[in-house]
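Worksheet: one structure, shown below.
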Amino acid sequence: LEELEESIINVYEDIVIKERKWISKKNHPKDYAIYHNDKGLVDGNAYGFLTNCLGVAIFGFPYDEGRSGKKHARNVKYENVTLHDLQADIREVVTLKRADIGKHVTDALGGVLQLRTTEFDYPFKPIVITDNDDRKAEYIGNAVANAQIFVAKCILKGEVPTDDLHLPTGGNKINDDIVNWVEVGGDSINPERFLSNLTSKLVPDENDNGYVCNGDSMYHVNKGIVGFKIDNSDLVRVNRAVVKKMVNHGRPGSNLCGEYDVSHKGATQVGYGGASVRGFSFSGSKRALIKDSSVSNLVSINGAVVGYDIMTNSSHIILQDCNETELVALGKWGQNPITAMDALGARFNNATTKCQLRNPCFKQTFATSGSREHVYDSGRENKVARSVC
């Protein structure tokens with residue numbers, strides 16, 4: 001734990017005391033590798049406004065669960081609101097999973113054990129293991145991972161009281177197999193030192209490589225940037241709202257989990273979602289009117305951009321006299337089989353019902369590696385007008 005304390009002190013020295021813009025790569029290269037944030041932006045999901053039912057909003061875009069679900073937000077009103085210049089650089093944190101308990105691997109406080117973390121400047125250079133190939137990769141660790149393993153070992157040995165309110169232990173999913181693998185790292189004569197041996201123990205299925213994708217460092221589902229995120233809400237009124245100049249700098253999804261539809265158990269959308277941008281999203285919501293509102297200059301460097309996204313089983317959502325212009329899906333890193341890179345003015349997904357698009361003015365959608373459409377509707381009983389301007 002002294003290593004972690006020293007690492008934090010080093011960062012404090014560079015950023016706070018010396019008032020540097022970044023951590024010194026020359027003086028503190030290990031800390032730079034862990035914490036460097038070149039743009040100074042949030043690296044997790046970013047929302048301008050969020051309404052939701054009672055409870056957290058950390059998993060996928062929700063469905064309306066009817067009477068069995070939690071109490072919805074009701075009678076929500078936004079009027080004459082302008083949201084601008086929201087940016088993020090969302091990072092994916094791939095985690096191990098354990099077949100014996102059907103869960104992902106986290107420390108005692110729910111933080112993901114980040115074995116597959118790479119240097120920011122060199123996204124294919126690992127910093128916790130020696131190689132990207134699990135058959136060659138050995139544990140070398142860093143200040144954060146070493147601390148997670150140390151605490152887990154203490155818990156497994158019964159050295160942490162289970163009733164200690166300052167360190168709850170129930171969240172720990174780092175087991176003896178993981179600790180033993182860490183401790184043989186660098187032992188050149190021990191065949192158990194390679195990561196592939198560990199993953200085969202954690203997930204014996206030879207068709208499963210043992211990873212979970214599409215999450216962040218706390219195993220929240222990556223959903224990207226959303227201007228107005230309206231989840232599990234009823235009787236919503238949005239009048240003269242403006243969303244403009246939003247950028248998601250995030251990278252495409254990792255290929256470690258293969259070409260998946262859903263990797264993270266909490267996700268509700270297909271593929272990787274962390275690189276996307278949405279002006280407005282409605283999920284599990286009903287009876288909403290969005291009127292005289294607009295989205296413009298929304299950019300995703302490596303994902304999809306949607307002006308108005310009506311999702312999951314939302315119903316009776318009405319877009320009236322709404323505008324869209326300059327939605328850009330750059331696809332900088334090229335096509336990715338699990339990361340959509342479309343540019344869409346309005347999208348009504350397949351579980352939506354009885355929604356309406358009235359008198360829209362949609363123009364200027366641009367996508368280099370995906371499709372671009374002003375209006376996309378795969379729902380049921382929706383009444384969708386095409387762009388009229």
Criterion: open to solvent by less than 80 Å² (accessible area, probe 1.4 Å) and out of contact with any His (no Cβ under 9 Å at 6 or more places or on another chain) - qualifying residue of Asp31, Asp64: Asp31
Of residues in segment 307-351 being of a type in the set (Val, Ile, Thr) and either farther than 20 Å from Ser276 by Cα or in contact with a His (Cβ under 7 Å, 6 or more places away or on another chain) (or both), the one least open to solvent (accessible area, probe 1.4 Å): Ile317
Subset of segment 37-76 (residues that are over 14 Å from Gly224 (Cβ atoms) and acidic (Asp, Glu)): Asp38, Asp64, Glu65
Long-range neighbours under 8 Å by Cβ, at least six apart or interchain, first residue buried (at least 24 other Cβ atoms within 10 Å of the Cβ) within segment 246-257, second of a type in the set (D, E, K, R): Met246/Asp85; Asn248/Asp89; Gly250/Asp89; Gly250/Arg91; Gly250/Glu92; Gly253/Glu92
Of the criteria (1) open to solvent by 30 Å² or more (accessible area, probe 1.4 Å); (2) touching a strand residue (DSSP E or B) at 6+ places or on another chain (Cβ under 7 Å), which one Thr95 fails: (1)
Phe366 vs. criteria more than 20 Å from the chain's Cα centre (by Cα), crowded, with 24+ Cβ neighbours inside 10 Å and either part of a strand (DSSP E or B) or touching a residue at least 12 places away in the same chain (Cβ under 8 Å) (or both): no
Residue match in segment 182-192 (condition: open to solvent by less than 10 Å² (accessible area, probe 1.4 Å) and not charged (D, E, K, R)): no
Residue list for segment 319-338, filter: assigned to a loop (DSSP other than H, G, I, E, B), within 16 Å of Phe280 (Cα to Cα) and hydrophobic (A, V, I, L, M, F, W, C): Cys322
Entirely in segment 21-106, the strands (runs of 3 or more DSSP E) that have 2 or more residues that are closer than 30 Å to Ser315 by Cα and over 16 Å from the mean Cα position of the chain (by Cα): 46-51, 73-79, 82-84
Residue match in segment 201-209 (condition: over 25 Å from Ala57 (Cβ atoms), under 25 Å from the mean Cα position of the chain (by Cα) and at pLDDT 95 or above): yes
Residue identified as of a type in the set (A, V, I, L, M, F, W, C), at pLDDT below 90 and open to solvent by less than 80 Å² (accessible area, probe 1.4 Å) among Leu198, Leu167: Leu167
Failed condition for Asn37, given (1) at pLDDT 95 or above; (2) closer than 19 Å to Phe120 by Cβ; (3) out of contact with any strand residue (DSSP E or B) (no Cβ under 8 Å at 6 or more places or on another chain): (1)
Residue among Thr130, Thr117, Thr162 that is open to solvent by 20 Å² or more (accessible area, probe 1.4 Å), under 19 Å from Met218 (Cα atoms) and of a type in the set (Ser, Thr, Tyr): Thr117
Hey, Ser283 open to solvent by less than 10 Å² (accessible area, probe 1.4 Å) and at pLDDT 95 or above or not: yes
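The values are calculated or read from the model by the stated rules, or taken from the named source; none is laboratory data. These numbers were taken from a predicted model, which means no experiment stands behind them. Ideal geometry is used to build each Cβ from the backbone, glycine not excepted, and the neighbour counts take in all protein chains shown. Heavy atoms of the whole protein, side chains included, go into the accessibility calculation; ligands, DNA and RNA do not. Shrake-Rupley method; radii C 1.70, N 1.55, O 1.52, S 1.80 Å.
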